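Undergrad: The structure follows.
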Amino acid sequence: MPDALVTRRRGRLIPPLIAVLAVSGCIALAVFGQHLIFLFAVLFTMLVLGVPIAMSLAGACLLYVFLTGRVPDVVVVHRMVNGIDSFPLLAIPFFILAGNLMNNGGITTRIFDFAKALMGWMRGGLGHVNVGASIVFSGMSGAAVADAGGLGTIEIKAMRDAGYDQEFAVGITAASSTIGPIIPPSLPMVIYGVMASVSVGQLFAAGLIPGLLMGVVLMVMITLLSRRRGYPRDTTFALRVLGITFVRAFLSLLTPVIIVGGIITGAFTPTEAAIAAVVYALFLGVVVYRTLTWRRLLRVSMETIETTAVILLIVAGASIFAWILTSNQVTQHVVTLLGPFADNPVAMLLIINLVLIVVGCFMETIAAITILVPVLLPVAVSAGVDPVHFGVIMVLNLMIGLLTPPVGMVLYVLSRVSGISFEKCMRGTLPFLVPLVIALLLVTFIPAISLWLPTLVYR
């Protein structure tokens with residue numbers, strides 16, 4: 001018993017000890033004048049200690065400015081404000097609101113029923129339905145967490161009731177939700193477009209085919225696993241049922257057509273498309289389906305405000321961080337460091353993919369994009385990689401990161417939704433990482449998969 005108490009006390013002492021050592025290291029770096037290393041050390045220490053990402057970014061940058069004394073501290077505020085003073089960023093709150101309205105307006109249920117009638121007759125049918133519904137819903141929400149939280153509840157319950165293993169149900173739900181930010185609209189691509197000064201419309205067009213490719217490889221894996229585990233066909237194909245569910249879901253299915261079609265044809269910009277999506281979602285929820293009450297609308301609005309505030313604070317904090325990196329020529333140093341690989345784009349892309357996957361395991365997507373774009377984009381461009389192509393590669397890598405611990409935001413959401421442990425969610429997701437990595441490698445080394453459509457539309 002005393003040994004157990006000693007072990008427990010040691011376990012409690014370890015985190016504070018690590019924190020003290022980390023803070024001491026930061027102070028030592030400041031004393032010895034290693035200002036830039038001090039910036040990264042403070043940021044990492046604050047993240048490890050559980051400080052919110054936005055506060056970590058802004059706080060580390062503010063301490064750096066105080067320490068160097070090169071510019072007035074008010075520059076931090078100015079840079080943060082300028083970082084979010086961007087018209088394309090207006091798309092973020094509207095796409096978030098549109099996704100929340102659809103989750104609360106009965107749209108997701110209609111999409112799932114139609115996907116079941118269309119694909120449920122295949123072996124492991126509900127797994128295929130899961131992917132198909134995510135592909136359709138991805139054309140509305142633009143966020144993996146929204147897909148997992150909205151459709152995930154319906155999909156996991158349906159697969160459990162049909163006798164599927166709960167780990168398999170959660171695993172395919174998690175994997176299919178990553179399609180959301182690849183197929184337009186996409187919140188991460190809006191952030192990337194702002195940070196990289198790249199056309200958001202071209203990025204949206206570039207993500208369409210890779211997103212469909214992800215769906216195909218996931219469905220191949222579902223077929224293989226279903227045959228090995230003996231999963232049945234969940235329904236027989238009935239043209240009448242397909243027609244009924246299609247009619248019920250028709251207006252919902254028009255949402256991605258309006259958003260994506262409007263952007264690609266040039267009818268409106270991505271920001272205007274987000275506003276159109278909100279108006280259409282309100283029309284369906286209030287007038288057509290009559291499922292949106294004032295109370296629900298108020299709750300959805302508050303959720304949207306909270307999510308938008310968090311994202312924009314991260315972007316604001318990252319903008320000052322990117323300014324410090326640029327003014328200290330960090331990007332040029334990284335390009336020089338990776339110079340030997342400049343003539344070998346394959347090696348360069350493999351290194352970048354490895355860096356992005358590792359970062360995605362530890363950092364939230366929006367924060368990772370805002371921090372890494374100023375560093376990695378010049379490296380990729382120096383190796384001859386198109387910025388639009390690189391944007392798809394970056395987002396796809398970070399989506400895989402959503403399925404890996406210790407961050408694994410999608411896994412945490414599905415663990416809460418499904419009521420099973422995080423470890424079981426992770427175990428069920430592992431087989432589906434294989435097709436996602438295969439899709440990543442195909443998109444990385446065959447640029448035409450990403451660039452063919454934007455070249456065709458925007459030539």
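The values are calculated or read from the model by the stated rules, or taken from the named source; none is laboratory data. Owing to the predicted nature of the structure, the values given are computational and were not obtained by experimental measurement. In this analysis, Cβ positions are derived from the backbone assuming ideal geometry, glycine residues included, and neighbour counts consider all displayed protein chains. SASA here: full protein model, heavy atoms, side chains in, ligands and nucleic acids out. Shrake-Rupley method; radii C 1.70, N 1.55, O 1.52, S 1.80 Å.
Undergrad: Ordered by packing density, taken as the mean number of other Cβ atoms within 10 Å over each peptide's residues, highest first, how do 366-378, 169-181, 246-258 rank?
TA: Output ranking for 366-378, 169-181, 246-258: 169-181, 366-378, 246-258.
Undergrad: Also, I was wondering about something else. Between Arg233 and residues 5 or more places away or on another chain, which pairs have amide H atoms under 5 Å apart, with H built 1.01 Å from N, and which residues are they?
TA: Placed amide hydrogens put Gly124 under 5 Å from Arg233.
Undergrad: Distance in nm between label sites at Glu423 and Trp452, each 7 Å beyond Cα in the beta-carbon direction?
TA: Label-label distance for Glu423 and Trp452, simple model: 4.5 nm.
Undergrad: Another one. Largest first, what is the accessible-area ranking of His128, His333 with a 1.4 Å probe?
TA: His333, His128
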